[in-house]
Amino acid sequence: WGLHKRVGDPMVCILGSGDFSRSLSSRLRCCGCRVVVGSRDPQRLPPALAEAEGSLVFLALYPEHYPSLLTLRPLLSGRILVDVSNASSLKQEGLSNAQRLAQMFPCSSVVKGFNGLSAWTLLTGAYDHSRQVLVCGDCPSSKLSVLALAQRLGFGAVDVGGLSASRALEEAPLLLFPSWRGPLLTTMLLFSFFYLYIALKNVLMPFLDRAENNLHHLPLITVNQALPAVALVMLSLVYMPGLLASVLQLYRGTKYKRFPDWLDQWMCARKQLGLLSFLCAALHAVYSVCLSIRRASGYMILNAAVEDKKKVLVWRSDLYLSSGILGLGVLCVLALTSLPSVGQALNWREFTFVQSGLGYTSLVLSVAHVLFFGWDFAFLPRAYQYYLPPVFLLSLVLPCCVLIGRFLLLLPCCSVPLNRIRRGWEKNKTAPTQH
Amino acid sequence: WGLHKRVGDPMVCILGSGDFSRSLSSRLRCCGCRVVVGSRDPQRLPPALAEAEGSLVFLALYPEHYPSLLTLRPLLSGRILVDVSNASSLKQEGLSNAQRLAQMFPCSSVVKGFNGLSAWTLLTGAYDHSRQVLVCGDCPSSKLSVLALAQRLGFGAVDVGGLSASRALEEAPLLLFPSWRGPLLTTMLLFSFFYLYIALKNVLMPFLDRAENNLHHLPLITVNQALPAVALVMLSLVYMPGLLASVLQLYRGTKYKRFPDWLDQWMCARKQLGLLSFLCAALHAVYSVCLSIRRASGYMILNAAVEDKKKVLVWRSDLYLSSGILGLGVLCVLALTSLPSVGQALNWREFTFVQSGLGYTSLVLSVAHVLFFGWDFAFLPRAYQYYLPPVFLLSLVLPCCVLIGRFLLLLPCCSVPLNRIRRGWEKNKTAPTQH
Amino acid sequence: WGLHKRVGDPMVCILGSGDFSRSLSSRLRCCGCRVVVGSRDPQRLPPALAEAEGSLVFLALYPEHYPSLLTLRPLLSGRILVDVSNASSLKQEGLSNAQRLAQMFPCSSVVKGFNGLSAWTLLTGAYDHSRQVLVCGDCPSSKLSVLALAQRLGFGAVDVGGLSASRALEEAPLLLFPSWRGPLLTTMLLFSFFYLYIALKNVLMPFLDRAENNLHHLPLITVNQALPAVALVMLSLVYMPGLLASVLQLYRGTKYKRFPDWLDQWMCARKQLGLLSFLCAALHAVYSVCLSIRRASGYMILNAAVEDKKKVLVWRSDLYLSSGILGLGVLCVLALTSLPSVGQALNWREFTFVQSGLGYTSLVLSVAHVLFFGWDFAFLPRAYQYYLPPVFLLSLVLPCCVLIGRFLLLLPCCSVPLNRIRRGWEKNKTAPTQH
C-alpha cells in the first residue's frame, strides 16, 4: 500500500529500549500507528522525535532515570508525556512518579496510564477490550488522546480523574489480593481453633485419661473433622452481615445512614468467604471419600497398625493421600486462573504469585506424593527386576531437576546478578556508563 | 490541581438521594465529572442545576414520583433526562416509564439507560467495559452524549434504538432465567418419569408381588438409577434438533425457509440442555462413588439393616449423604457464578436469586447434613466427655442463628417495615410529607 | 417515533441474501440503523442502493461470486465495500479475497472485517463488546466508519492495519487450536512412552518370565499408572523453560538478546502444558478412587477373575468404568467452553469442533458406558419381569436414534446434497441459473 495512504495514521514516540518498549512498539505497529523508538540518551535520540510534531511520547524508563531526560526539555515541551511506571514499593512518601515528572516538565502535559500492562500482555494479549487501561491526568484533551490510543490498541480505556489519582494507579500492580486477606485469616483462625479443639478432645485427653495413643489421627482424620466445621461456619458468615444490616436498618428506622466501617468491609468480603467455604467443603468431600476407601480396603493394614511398630505405615499412607489431594487442589486453582475472565481480574503481581508460587507448591506436593508412595520399595531389589527401574523413579527425574534448578537460582550467587540483568544491566558495559 | 484545569470536564446533575444516586455520583466523580445532586423537592434543589446549562440530568427516583418533578419543567426544558428506572412488574400495560416521562416533559429529550446496573455495581464494579449499558431514545445526539458518558464510566455502551425499545430495557432486570425454563422443565419431567418408573419396577411391584419391602431404596439408590438415564436422554436432546434441521433442509431442498418456531427455540436451548445433562451426570458420578463406598465399608450395617428395626439407620445415612452431596453441588453453582464472566451475564434479579436463594438452600442442606450425621449421638452422655461438646454441635451454633434470624426477618412484622425502609421511608418523618 | 427523528441514523446496504445477511440486517436494525438488503443479481437490486449515497455496503457473498458484481461497478464506486468472507482453505496462494476485491473495484474503498462472526452470534450474541471485530483496510477514514459501526453493534472494534493483513483475518476462523498442537503431542508421546514401559514391565516381562497373564491390567490399571507419571513430567515441563531462560540470561550476561525460537514457543505453551497436566492428574484421581472402590467392594469378583473364564468380567467392568469417566470428562470440557469468557476466546471452527465433535464423543462414550453396564443382563428374562424393560434400555432409545441419524447424515448420499444446500443451492432452481 502506498505511503500516501498512511498519512492519517497517528505517530507515537517511545523513549526507552527495554521489554516494555519493544512490546509496545510492536503492538502500536500492529494497530497501524507509526512508531519512533529512542534511547533516553540524547546522542542516540533519533532526529524523528525532533521532526514529528504534536505526537505522544511514551516514557518506558525506570523513574530513577527521569532526570537524564532534562536535557530533552525543549524537544518535549508542548507534547504529551505518558508515564507508564509503577511504584517501587507500597506506602511510599511524597509525590508519585507521574507528579514528579509533571514538576520536571512544566511545559509538557503528563498523563499516567498503561502501567498495569506487562510486556507479555502487550505482545500476546488478545484485542478484546476487557483488559483495562486506566488513565489519569490534569489536561482533559491530552487524556482524550491517550484514551483514544488505548482503545485503538484494543484495550478498554477508562478516565479515572486528575493526576492526583496517579499514586493509586502506580501502586495497583503491587497489591496482593487485598480483598482476600481478611477472609483467609478468618479461615485459618477458625481452622486452628477447630483443629486444636478436636486434637484436645480426641488425641490429648484420651492419652492423659487412659494412655490411648491416637497420634496418627492428626494428619488426616483430625483435619477432615475440622474442615466441615470450618466450611459451615464460613458459610454462615456469608449471610450474617446481610442480617445485621437489616436489623440495623430496622433499629435506625432509615436506610440513609451509612453502615459502620466493619460492616461495610464484611459485606464486601462475602464473595471471598463463600469461595473459601466452598473450598473447605470440597476438600472435606475429597478427604471423606479417601478415608472411606482406606477404611474399607485397608482394614487389615489399619488393624495391624494399631500395634506400635506399624504406625509409621499409617503416617506414610496419610501423608501420601494428603499431598496428592492438596497438590491436585492447588493445580485446580491454577487451572481456574487460566480462565480468561479470571486471569484478567488479577494484577501482574497476583498473577505471578498464583502461576509461579502456587505452581511450585503444586510441584513440591506432587513430588512429595510420589515419594510417600514409593518410600518403602524404592530400595528393594525386586523393584528393579528385569533391570527396569520403577516408573515413579523415572517420573521424578525431571521434576527434581526443575526443583533443584529453582533452588540454585534462589541462592544469592545467582539471584543477585539475575535481578541486575532484569533491571537492564549488561555484562560488557563498563561500570560508569552502567545506568 | 487548579480549577482552571477542570473546565473541560462534563457536568452531570442527579435528581434523587437514594443508594443509586449516591453510587452514581461517586462513580461520576471518580471518572472526573463534576456532579450536582439534588432532591426532587424544588425547595431543596441546589441553584447549581439552574446555572449549569446543557448538562445531563439523571432521574434517580421511583417512577411514581415523576409527577412531583412537573414544577421543575422550565428548568429541565432543553436538557437530556436520563431515565434509570426499572419496571415494577412484568407484562404491564400501557406506556413504559421512559415513554410516560417523555410525555410529561415534551421540551426535554428523554434517554433510557443505566437501569440494569445496581448501586453495588456502580460503587465496587471494575472499570472493565464488559458490563453493558444499553441505551435507547428518540434523539440521536442526546443518545450519543449518554453513550459517551457510559463509556467514560468504564461500561460498554450500546445503542438499542428508539424509545419504543425502553419497555424491553425496563423489564430486562426482572426476567428470571427465561432461557432455562424449558430445559429445566424437561429435566424435571424426565427425572419424574424415570424415578416413578424405577420405583414402580423395583419397589412397588416387588412389594405387591412378594411383599418385599424395598422402601429404603427411594432416597438414594432409585435417584442414582434415574439420574444417568436423564443425563443420557438430555445429552441426546442436545444433538437432536441439529439432525432435525438437517433432515428438514434435505426434505425442503433449500435453506432459505425459516424453521418452525419450536425448532428455533429448541436450537437456542441446546447449551442449557447440555449443562443440565452434565449436572445430572456429575451428580450420578458422585452418588455412585458414595454408594459404592457405603456398600463396601458398611456391608455389615446394610446386612443388619435388612431387619426392619434397623432400616431407620439406612434412611439416616442416605439422607446424610444426599444432603451433603446436594449442598456441595449448590455451593459449586454459587462458586461458578462468582466467576467474573458468568456473574456479568446475569441480571440483578438472577444474581440475587443465585447468591441469596441458592446460598440459603446450601446452608439449609449443610445444616441438615450435619444434623443427620450427629442424630444418634447428640444425646449420648459419652459425646460430652471431658465436658467438651461434640464439634458438630459447636459448628451448628452460628448457622442456626443465621437461619433463625433469616426466618424472623421473613415474618410480616419485620419484612413489611424493612421493605418500606428500602423504598425510602423514614421513621422520623410525619406521614403527610412521606412521599 | 416520527420519521424526522431518524434522519441522523446511518444507512447500510447488504448485498447477498444468506443467513449472514439476514442476521446482520436484523442486528443493524436493532441498533437503530436503516438497512437495505439486495441480491447480487442486478435486476433484483433495489433502487435504494442507487439512491442512498455515501453509505456502507456489506458484501455477504461467497468470494467466488464477486465477479457477478462487476456490472454494479458504477453504483459501488466511491463507496466503502466491507468484505466479510473467510478463506476457503489454509495456505492458499496469491491474493486474499479482500485484495482481489480491491483490484476488481479500484474506485471503491475495500475494508476487511466482521468475518470472524457467525450468523448465530449476530442474531443471539450479547451486546457485550468482549466479542471482537478485527478490521483492516488501506483507507483510514473508511476504516473509521466501519470501526464505529462495529462498536455501535456492541462489538469491540480493533484496527489491525492495512489490507495486507486481510489474509490473516480470513484464515483466523479456520485455525484449529494452533497453540494446543505441541502440548497435546507432548502429552500423547509421554503417555505412550510410560504406557508401553509399564506394559513391558508389568505385563509382557512377567508373561515371558513366568507365563503370568496380566493382560487384564491394560485397560485400567496400566492407564492409571501411566497418568500420574505424565502429569508430573508435564508439570515440570511448565517450569523448565523459565529456568532455561534464566540460565541463558546468566550465561549471556544480558537480557537484550532474543531467546531462540524453540524457547519462545515453549514459553508460550506453558499455559496449555499446565492445563493438560491438570487434566492427567484429575483423571488419575478419579481412576484411583474407582480402582480402590472396586478393589474393596469387588474383592471376591477379582479373586474369582484370576481364573481364566471370569477374566471377561474384569474387562467389562473396567471398560464400563473407563467409558463413564472419560465421557464425564469430555462433558466437563464441553461445560467449560460454555462459560462466556472461554467460549468467546474460541473461533468458529474451534467452537464447532468442541461443541459438535466432543459432544458426539461424549454421547458415544456414554452409550458405551451404559452398554457395558447392561451387557450380561440385557438378554436375561428376569430383566423384563412385570413386562417392564430395564431402565438402561429405555434410556438408550433416543441416544441411539441420534447416533444412527448422525451416521446416516455422514453418508455421501446425504452429506453431498446437504453441503450443497448450505452453500446456497436450491432444489427448485434450474441448473443454468444456479450460481
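The values are calculated or read from the model by the stated rules, or taken from the named source; none is laboratory data. Remember, predicted model here, so these are calculated numbers, not experimental data. Neighbour counts run over all protein chains shown; Cβ positions are idealised from the backbone, glycine included. Side chains are part of the model used for accessible areas, which takes the heavy atoms of the whole protein and leaves out ligands, DNA and RNA. Shrake-Rupley method; radii C 1.70, N 1.55, O 1.52, S 1.80 Å.
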*Do the conditions hold for B:Ser356, that is, is it of a type in the set (Gly, Ala, Ser), in contact (Cβ under 8 Å) with a residue 12 or more places away in the chain and open to solvent by less than 80 Å² (accessible area, probe 1.4 Å)?*
no
*Please tell me if C:Leu250 is modelled with pLDDT of 85 or more and outside any loop (DSSP other than H, G, I, E, B).*
no
*So A:Glu426 fits all but one of (1) at negative phi; (2) in a helix (DSSP H, G or I); what number is the exception?*
(2)
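For the condition facing chain C (nearest Cβ under 8 Å), hydrophobic (A, V, I, L, M, F, W, C) and over 30 Å from A:Leu90 (Cβ atoms), what is the one hit in A:Leu321, A:Leu334, A:Leu328?
Numbers: A:Leu321 fails: facing chain C (nearest Cβ under 8 Å); A:Leu334 fails: over 30 Å from A:Leu90 (Cβ atoms).
Testing whether each residue is facing chain C (nearest Cβ under 8 Å), hydrophobic (A, V, I, L, M, F, W, C) and over 30 Å from A:Leu90 (Cβ atoms) leaves just A:Leu328.
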*Hey, any hits in the range B:244-256 for a residue that's more than 7 Å from chain C (Cβ to nearest Cβ) and open to solvent by less than 30 Å² (accessible area, probe 1.4 Å)?*
yes
*For the range B:228-235, indicate whether the set of residues that are open to solvent by less than 40 Å² (accessible area, probe 1.4 Å), over 13 Å from C:Leu394 (Cα atoms), assigned to a helix (DSSP H, G or I) and facing chain C (nearest Cβ under 8 Å) is non-empty.*
yes
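Suppose the filter is open to solvent by 20 Å² or more (accessible area, probe 1.4 Å), modelled with pLDDT of 75 or more, in contact with a helix residue (DSSP H, G or I) (Cβ under 8 Å, 6 or more places away or on another chain) and not in a helix (DSSP H, G or I); does B:Pro389 pass it?
Numbers: open to solvent by 20 Å² or more (accessible area, probe 1.4 Å): yes; modelled with pLDDT of 75 or more: yes; in contact with a helix residue (DSSP H, G or I) (Cβ under 8 Å, 6 or more places away or on another chain): yes; not in a helix (DSSP H, G or I): yes.
Judged against the criteria, B:Pro389 is a match.
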_Selection within the range A:202-218 - surrounded by 18 or more Cβ atoms within 10 Å (Cβ to Cβ) and within 11 Å of chain B (Cβ to nearest Cβ)_ = A:Asn202
*Just checking, which of C:Val223, C:Val238 is closer than 18 Å to A:Phe392 by Cβ, open to solvent by less than 50 Å² (accessible area, probe 1.4 Å) and in a helix (DSSP H, G or I)?*
C:Val223
*Kindly provide the set of residues from the range B:126-143 that are over 21 Å from B:Trp348 (Cα atoms), touching a helix residue (DSSP H, G or I) at 6+ places or on another chain (Cβ under 8 Å) and open to solvent by less than 10 Å² (accessible area, probe 1.4 Å), ordered by number.*
B:Gly137
*Name the residues in the range B:111-151 that are in contact with a Ser or Thr (Cβ under 8 Å, 6 or more places away or on another chain), at pLDDT 85 or above and closer than 17 Å to B:Ser85 by Cβ, would you?*
B:Val111, B:Lys112, B:Asn115, B:Cys136, B:Gly137
_Number of positions in the range A:375-407 that are facing chain C (nearest Cβ under 8 Å), under 15 Å from C:Pro241 (Cα atoms) and without any contact (Cβ under 8 Å) to a residue 24 or more places away in the chain_ = 3
*Among the numbered criteria (1) surrounded by fewer than 16 Cβ atoms within 10 Å (Cβ to Cβ); (2) at pLDDT below 75; (3) in a helix (DSSP H, G or I), which single criterion is violated by C:Asp318?*
(1)
*Taking helices (runs of 4 or more DSSP H) that do not extend beyond the range C:1-76, which have at least 1 residues that are buried (at least 20 other Cβ atoms within 10 Å of the Cβ) and at pLDDT 85 or above?*
C:19-30, C:73-76
*Filter result (in contact with a Lys or Arg (Cβ under 6 Å, 6 or more places away or on another chain) and among the small types (Gly, Ala, Ser)) within the range B:156-215*: B:Ser166
_List pairs: first residue in the range A:224-239 and free of Cβ contacts under 8 Å to residues at least 12 places away in the same chain, second residue open to solvent by 10 Å² or more (accessible area, probe 1.4 Å) and not polar (S, T, N, Q) anywhere in the structure, Cβ distance under 6 angstrom, at least six positions apart or on different chains._
A:Ser236/B:Leu398
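Can we say C:Val223 is more than 12 Å from every other protein chain (Cβ to nearest Cβ) and β-branched (Val, Ile, Thr)? I'd like the intermediate steps shown before the answer.
Working: more than 12 Å from every other protein chain (Cβ to nearest Cβ): yes; β-branched (Val, Ile, Thr): yes.
Yes; evaluated as a whole, the condition is true for this residue.
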*asked:* Here are the criteria: (1) within 30 Å of A:Gly16 (Cα to Cα); (2) in a helix (DSSP H, G or I); (3) within 33 Å of the chain's Cα centre (by Cα). Tell me which single one C:Phe259 does not satisfy.
replied: (2)
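Output the residues belonging to the range B:337-359 that are part of a helix (DSSP H, G or I) and at the interface with another protein chain (Cβ under 7 Å from one of its Cβ atoms). Write out each step before concluding.
Initial filter on the range B:337-359 (part of a helix (DSSP H, G or I)): B:337, B:340-344, B:348-359.
Within the range B:337-359, B:Pro340, B:Ser341, B:Val342, B:Gly359 qualify.
Let me confirm something: among B:Val146, B:Val133, B:Val82, B:Val111, which residue is within 29 Å of the chain's Cα centre (by Cα) and within 14 Å of chain A (Cβ to nearest Cβ)?
Values: B:Val146 fails: within 14 Å of chain A (Cβ to nearest Cβ); B:Val82 fails: within 14 Å of chain A (Cβ to nearest Cβ); B:Val111 fails: within 14 Å of chain A (Cβ to nearest Cβ).
That would be B:Val133, the only listed residue that is within 29 Å of the chain's Cα centre (by Cα) and within 14 Å of chain A (Cβ to nearest Cβ).
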*Mind listing just one residue for me: the one in the range A:144-201 that is among the β-branched types (Val, Ile, Thr) and outside any helix (DSSP H, G or I) and, of those, surrounded by the fewest Cβ atoms within 10 Å (Cβ to Cβ)?*
A:Val160
